[in-house]
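The values are calculated or read from the model by the stated rules, or taken from the named source; none is laboratory data. On a predicted model such as this, the values are computed, not experimentally measured, just so you know. Please note: Cβ atoms are built from the backbone with ideal geometry, for glycine as well, and neighbour counts cover all protein chains shown. Heavy atoms of the whole protein, side chains included, go into the accessibility calculation; ligands, DNA and RNA do not. Shrake-Rupley method; radii C 1.70, N 1.55, O 1.52, S 1.80 Å.
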Amino acid sequence: IITPAPMSSKCNPNYRDTGERHEDACAIAKLMLTLWFEQPQTFARAHELVMSSPDAYTLAQVRALLQREMPELKLPEHTAAQAEQMILHNAKLQTMLGPTLPQLMVGSTVIQGRPYTLARLRELVAKEGGAGREIRMTKPE
C-alpha cells in the first residue's frame with residue numbers, strides 16, 4: 001500500500017506550517033488522484049512528469065506541464081469523491097505510522113519511500129510469504 005499525503009495543513013493535519021512550495025499540495029493531490037481514479041491509464045506517465053519536474057509546485061504549473069507534455073490528456077475540472085477520502089485516510093495513516101510518506105507496507109514490513117526497482121518490490125513481497133504473486137498497481141477500494 002503506498003500512502004501519499006500532501007505536505008499541507010489545508011488537508012493534512014500532520015503539517016502545521018505549510019511552506020510556500022506546498023501551498024497547492026492539496027489541490028495537486030486531488031487532481032492527480034482524480035486522474036488515477038478516472039483515467040488510470042494516464043496516471044503513471046502524468047505522475048512521473050509531475051514528480052520529476054523542478055517547476056511543478058503550483059496547481060497552474062502542474063496543469064500547464066500536463067497539458068504541454070500530454071496534450072491528449074483530459075484534465076478534470078472536478079475532484080473525484082474518492083480522492084478527498086483517500087487524502088483524509090492517508091493523513092490518518094501518516095499520524096499512526098510516522099511523518100515520512102509515501103510508505104510501502106508489505107505484510108509486517110514498512111519502508112519509507114518507494115522501492116526503486118521491481119526486483120526490490122518482489123523481494124519485499126517474497127519475504128512476507130507472497131512469492132509468485134502478481135505485482136501490479138491497483139486502485140484502493
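Roughly speaking, what is the stretch gain from residue 55 to residue 10, that is 0.36 nm per residue apart minus the C-alpha to C-alpha distance, in nm to one decimal?
Values: separation 45, 0.36 × 45 = 16.20 nm, distance 2.13 nm.
Full extension from residue 55 to residue 10 adds 14.1 nm.
Quick one: if you stick a label point 7 Å off each Cα along the C-beta vector at residue 75 and residue 93, how many nm between them?
With each label point 7 Å from Cα toward Cβ, the separation is 2.7 nm.
Quick one: grab the alpha carbon gyration tensor of region 14-77, order the square roots of its eigenvalues as a ≥ b ≥ c, and give me rounded if a/c is under 1.5, else prolate or oblate depending on whether a/b is larger than b/c.
Details: a/c = 2.15, a/b = 1.57, b/c = 1.37.
Cα axes put region 14-77 in the prolate bin.
Considering only protein heavy atoms, with the full assembly of protein chains and a 1.4 angstrom probe, order 57, 15 by accessible area, largest first.
Numbers: 57 75, 15 50 Å².
Per-residue accessible area, sorted high to low, gives 57, 15.
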